[in-house]
DNA sequence: ATCGCGCTGGAAATCGTTTAACACTGCCCT
DNA sequence: AGGGCAGTGTTAAACGATTTCCAGCGCGAT
């Protein structure tokens, strides 16, 4: 690889001049500019970003820490941050880390990206690293939380309005005549999950409905585990007549469980999902679900981050909450004559 | 941020010594080691990876260029490479770039990551950058293609056996009695897509079946476009009695189109997908599809890459092809009494 | 004349590491 | 006694950029 020195030598100028024509950081006569450009082309010179980063103390890289890109929610989220990074810096890059909802992995990932001297972090915190993250935030490194807030650490945050949306969804269930409504809850520290459960419970209480403790089960946040948990839920007697699922994995596992037990949705049991899918209207039962603005959460989080990085915004962290919207389709029995 | 110099000063040793205790690169007496470690802790010293990278000429970062993480296939693929990166380096990081199947974006992304002096690239080439990529491969930077091969550029490659799997899927369609089989093809340069179409056509020919030209339509690779294209396909007369979809977006769009036209799958029309979904057995119609080993493709691609990076393997590029497997469910009418 | 200024250009310090080369101290061996 | 070697430690030169001074030159104003 040719270095700036090689270019300077070939063009018969100093490295300072080469740097200036590359970056446009000072006026350079058209003549020397031409010579330098010729040398650059001849040597296929490409500036070394590492050396540059060392000197200017910024890397043009931001880290994105999420639990799993395989989760469509986070895939959208990541696209949101990438797209806005693209619009801003022109030259920003994303360092992606899947933390698997694991405190230790998250801490390792943080260590790693800090060593890389990234310009900022947007993350969906797994929980359990409050202390580390509070230190981090205090250190001044731009840090924003997306999807989840973290108690006790002051950082910019953008989340969906989980309790409101969860309330709306369960009221929908109730309005359809369901009374024994169960909860299939992802077993995560995520504030989002807990807020959804809270919204669910509050709506139930408000309607004067009781929640049978056997009708709430927690499951690891993946489809296979949710399927097992879902079956357990279907096996209690009396069986719930509707299930509220706190995230997309729970929903998918639950649907599978319904099939495993030979039941029909929505005729035998209603299932309501938190998190919509692009294909939800194309397969039966057409899923009734809350659609989260995953992409926008990523976008806003990135915007907040870049505002910090650029110094456009300083001072106290702000918190942004985005609306999620209920999409009524068939899986809860809307428009269905209910049996018995 | 404390630097190595600060630590050295505080511990009363040279920076060389500090470096050696940090990296374990030479014997250091227990006494000085203790002093150094104390200083490190006291100052919260964290080595600067940028400076280190500059010096040692490697970054511990690899770039992953795909069209879109939002595509479940690529999400799995990325997880595959990340997981193996994790197992290898212990300290490897992923730079993620979505190229949107866009030649220009891909070239920009390549430029960007080259400036970052990444240690290697694994990518699903969009097509159109053959020259650039051939240069790149020739330059000696470890480069491996996943999911797609690129004609005319010699690089390690891992792909699925698209033509075989496509053949198997269409033979399945034929065996079920379908005769007017249509093709909904993603309009991509991807070798994978073309191989699937080839496998499809070959199987048709082998069975002595004709392909009505009006029964093959190309669509941009996203659900909405595929839905429109799917409707067009359903509107030709005579209507096809089965559709082969070349990737997951085509499949989803097609299913939506079937609903839009008020038809039933598989009763009125069969749809066969290339790319399975984790939820495919939980919703109706249960999709018959070829399941690609997306995660494994990512894994093997990364393995190939690290073998190059570490110098464990040199010489001519190798090509690896992984099997995809057909999963028969309901959407093509298996086990269905066919009408008329 | 002299001063000041705008326009170009260069020399050299700097960013924070790693590492080759060298130095010192004991100690063993002959 | 002296050479060789193992064990620790330091000095200083890279790595490849950016950027702060500083300088030369031409020119208009005083």
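The values are calculated or read from the model by the stated rules, or taken from the named source; none is laboratory data. Since the model is a prediction, treat every value here as computed from it, not as a measurement. Here the Cβ positions follow ideal geometry from the backbone for every residue, glycine too, while neighbour counts run over all protein chains shown.
Observations on the structure shown:
- Looking only at the stretch A:1-54, and only at residues there that are within 14 Å of chain B (Cβ to nearest Cβ) and in a loop (DSSP other than H, G, I, E, B), the one that is farthest from DNA strand D (Cβ to nearest atom): A:44
Rundown of residues vs (1) over 26 Å from the mean Cα position of the chain (by Cα); (2) surrounded by fewer than 17 Cβ atoms within 10 Å (Cβ to Cβ); (3) without any contact (Cβ under 8 Å) to a residue 24 or more places away in the chain; (4) within 14 Å of chain A (Cβ to nearest Cβ), yes/no style:
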residue: B:215; (1), (2), (3), (4): yes, no, no, no
residue: B:218; (1), (2), (3), (4): no, no, no, no
residue: B:225; (1), (2), (3), (4): no, no, no, yes
residue: B:243; (1), (2), (3), (4): no, no, no, yes
residue: B:251; (1), (2), (3), (4): no, no, no, yes
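- Scanning the stretch A:56-63 turns up no residue that is closer than 21 Å to residue B:65 by Cβ, in a helix (DSSP H, G or I) and within 10 Å of DNA strand C (Cβ to nearest atom).
- Test for residue B:79: is it away from DNA strand D (no atom under 16 Å from the Cβ), out of contact with any strand residue (DSSP E or B) (no Cβ under 9 Å at 6 or more places or on another chain) and closer than 30 Å to residue B:311 by Cα: no
- Residue identified as touching a helix residue (DSSP H, G or I) at 6+ places or on another chain (Cβ under 9 Å) and surrounded by fewer than 20 Cβ atoms within 10 Å (Cβ to Cβ) among B:150, B:136, B:143, B:95: B:136
- Number of positions in the stretch B:277-288 that are surrounded by 24 or more Cβ atoms within 10 Å (Cβ to Cβ) and within 13 Å of chain A (Cβ to nearest Cβ): 2
- Test: residue A:70 is on the phi < 0 side of the Ramachandran plot, assigned to a loop (DSSP other than H, G, I, E, B), away from DNA strand D (no atom under 16 Å from the Cβ) and surrounded by fewer than 23 Cβ atoms within 10 Å (Cβ to Cβ): yes
- Residue check for residue A:150: closer than 23 Å to residue A:302 by Cβ and assigned to a loop (DSSP other than H, G, I, E, B): yes
- Number of positions in the stretch A:14-26 that are within 12 Å of DNA strand C (Cβ to nearest atom) and in contact with a helix residue (DSSP H, G or I) (Cβ under 8 Å, 6 or more places away or on another chain): 8
- Restricting attention to the stretch B:295-333 and to residues that are surrounded by 21 or more Cβ atoms within 10 Å (Cβ to Cβ) and farther than 20 Å from residue B:88 by Cβ, the residue that is modelled with the lowest pLDDT turns out to be B:333.
- Test result for residue A:272, within 24 Å of residue A:74 (Cβ to Cβ) and within 11 Å of another protein chain (Cβ to nearest Cβ): no
- The stretch B:79-108, residues that are assigned to a strand (DSSP E or B) and more than 7 Å from chain A (Cβ to nearest Cβ): B:97
- Hey, residue B:111 within 30 Å of residue A:22 (Cβ to Cβ), within 16 Å of DNA strand D (Cβ to nearest atom), within 14 Å of chain A (Cβ to nearest Cβ) and crowded, with 18+ Cβ neighbours inside 10 Å or not: no
- Any hit, the stretch A:115-129, residues being part of a helix (DSSP H, G or I) and either crowded, with 20+ Cβ neighbours inside 10 Å or within 13 Å of chain B (Cβ to nearest Cβ) (or both): yes
- Which listed residue is more than 8 Å from DNA strand C (Cβ to nearest atom), free of Cβ contacts under 8 Å to residues at least 40 places away in the same chain, at negative phi and surrounded by fewer than 16 Cβ atoms within 10 Å (Cβ to Cβ), from A:11, A:38: A:38
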